[in-house]
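Please read the structure below before turning to the comments.
Each value in this text was obtained by applying a stated rule to the coordinates, not by laboratory testing. A quick note: this is a predicted structure, and the numbers were derived from the prediction, not measured. Cβ sites come from the backbone with ideal geometry, for glycine too, and all protein chains shown count toward neighbours.
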Amino acid sequence: MAEVFPSVTGKNLHKTVTTVPDDYTDKNLVVIVAFQQWHQNLVNQSIQVLQSAGIDQTHHVLELPVIKTSSMFRQMRLDGIMRAAFRDPITRTRTITLYLDKLKFRQNLNIPSEETIHWFVVEGASKAILARGEGAFRIQDLVHVKDE
């Protein structure tokens, strides 16, 4: 049996509660998971590669900043900072912030550390992980998306 992406719930930057991957069953997903603020450059590089290949037209492309559980005030503050930083409506829709137990999340996905971003190609209907990698998504990684 294939590894399955766990159901996680957060809010996108439009303040819409969203569950990944459950709310995205109509087509496959590319999920980019980031743990540190400085990972944003790696996420942006990955999004550019995916957009240049048209993957954002055939798949849901999501970025998931994963942040440890904190007070509602801190969450509202961080969400506000991110909304101020990302004005583009598409970016706001695809960015879903997760406030959760980071270690448990990493264990569920066999992510050994928070040193870099991790990406997953997930089949929308079954939630099966079709491919995975770490670090910025590269042109050569597109074979994992197109050949699924």
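Springs between Cα atoms under 10 Å define the GNM used for the chain, and in it the highest mean-square fluctuation of ASN108, ASN12, ASN28 occurs at ASN108.
Sparse packing (at most 12 other Cβ atoms within 10 Å of the Cβ) combined with a DSSP loop state is found for the following trypsin sites (Lys or Arg not before Pro) in the stretch 9-68: LYS15, LYS27.
For the residues ILE32, ILE67, ILE117, a GNM of the chain with alpha-carbon springs under 10 Å puts the largest fluctuation on ILE67. Apply the a/c threshold of 1.5 to the C-alpha gyration tensor of the stretch 7-68 and tell me whether it is rounded, prolate or oblate. Verdict is oblate for the stretch 7-68. Rounded, prolate or oblate, given the Cα gyration tensor of the stretch 5-118, with a/c below 1.5 counting as rounded? Rounded, since a/c falls under 1.5. Which residue fluctuates most in the GNM of the chain (Cα springs below 10 Å): GLN40, GLN75, GLN57? In the Gaussian network model the winner is GLN57. Only lysine pairs 8 or more places apart, or on different chains, with alpha-carbon atoms under 16 angstrom apart are counted in the stretch 8-146, and they number 5. Per-residue ellipticity at 222 nm for the chain, helices alone: DSSP H runs ≥ 4 residues times -39500 (n - 2.57), over residue total, nearest 500 deg cm²/dmol? Rounded to the nearest 500, it is -9000 deg cm²/dmol.
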